[in-house]
Amino acid sequence: MAKFFKDWQKKRLIKKLKNKYFKGSDFVGPFEKELIPQAVLEEQFLWSKKEFFKGTVLDMSTPKHWHEYIHNLPTVEKILISNLDNEVIEKMGKSSKVDVIGDFCDRENPPMPDNSVDTVLCISILVHCVNPADMVINLKNIVRPGGIILFLTPFAYIDGHMYPDYWRIGKDGYELMARQADLEVVETGEIVDMGKYTKFEFGNSCEANSWHRGIPFNNWMIARKKAE
């Protein structure tokens, strides 16, 4: 009985989140099916940007189970899964065989050749990198001209399923790394402003306003490699 009510509460929360941040969406992804509310907005966001996912896609360190809806898109021809040093990637009890093993921060010996993929999904990766700016440059190199890189990183929480967790990247940081890599910024944004919760701790809200950007749960950037 207790589990029933717990699941019922999660379903109600997920419905509330979707109605608030992705109103009208009828997409149901694996995180929603498995009742993981804190990850539902990530998959809703990715689904809302699916028009960018084309050709050969590099999906960095994500088992197929959690992104199966991307694998099944008609615009996607092939998906390669990467990992730093293991032949199998595991996340939240689901695992996949890895296609590309290597350190994408390594400027001397990057794990993939230039101009070899059309799209990169770099989800919750940069926060774990020793040199995130080097990774952005390497990803720019492996993407074909006109290709897309989608970055999403946590800001207001610790990405605790994988350690170490070094960085928090805001809009300015993303745009700086894009300039350094000679990437065109298509869009930037955030998922959920957590600033209102500071009212409970400090007596005033830190929500976004005319002089303050709030406290994003996630920040993201979509960048394009310039056509030759």
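So here's what we get for this one:
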quantity: Search result, residues across region 1-14 that are without any contact (Cβ under 8 Å) to a residue 24 or more places away in the chain and either touching a Pro at 6+ places or on another chain (Cβ under 9 Å) or surrounded by 13 or more Cβ atoms within 10 Å (Cβ to Cβ) (or both); calculated: none
quantity: Residues satisfying the stated conditions in region 135-154, i.e. in a strand (DSSP E or B) and more than 26 Å from residue 44 (Cβ to Cβ); calculated: 144, 145, 146
quantity: Region 115-134: number of residues that are within 23 Å of residue 226 (Cβ to Cβ), in contact with a helix residue (DSSP H, G or I) (Cβ under 9 Å, 6 or more places away or on another chain) and in a loop (DSSP other than H, G, I, E, B); calculated: 3
quantity: Residues (touching a strand residue (DSSP E or B) at 6+ places or on another chain (Cβ under 7 Å) and not hydrophobic (A, V, I, L, M, F, W, C)) located in region 185-205; calculated: 187, 188, 189, 190, 193
quantity: Test: residue in region 204-215 that is aliphatic (A, V, I, L, M) and touching a residue at least 60 places away in the same chain (Cβ under 8 Å); calculated: yes
quantity: Conditions (1) within 25 Å of residue 35 (Cβ to Cβ); (2) surrounded by fewer than 15 Cβ atoms within 10 Å (Cβ to Cβ); (3) without any contact (Cβ under 8 Å) to a residue 60 or more places away in the chain; number of the one not met by residue 157; calculated: (3)
quantity: Some residue of region 199-217 being surrounded by 11 or more Cβ atoms within 10 Å (Cβ to Cβ) and in a helix (DSSP H, G or I); calculated: yes
quantity: Those residues of region 218-228 which are in contact with a Gly (Cβ under 6 Å, 6 or more places away or on another chain) and in a loop (DSSP other than H, G, I, E, B), in sequence order; calculated: 227
quantity: Unique match (being more than 25 Å from residue 151 (Cβ to Cβ), at pLDDT 95 or above and not in a strand (DSSP E or B)) among 7, 26; calculated: 26
quantity: Selection status of residue 57, loosely packed, with under 14 Cβ neighbours inside 10 Å and of a type in the set (A, V, I, L, M, F, W, C); calculated: no
quantity: Residues satisfying the stated conditions in region 76-114, i.e. outside any strand (DSSP E or B) and in contact (Cβ under 8 Å) with a residue 24 or more places away in the chain; calculated: 92, 104, 105, 106, 107, 110, 111, 112, 113, 114
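The values are calculated or read from the model by the stated rules, or taken from the named source; none is laboratory data. Quick caveat: nothing in here was measured; it's all calculated off a predicted structure. Neighbour counts run over all protein chains shown; Cβ positions are idealised from the backbone, glycine included.
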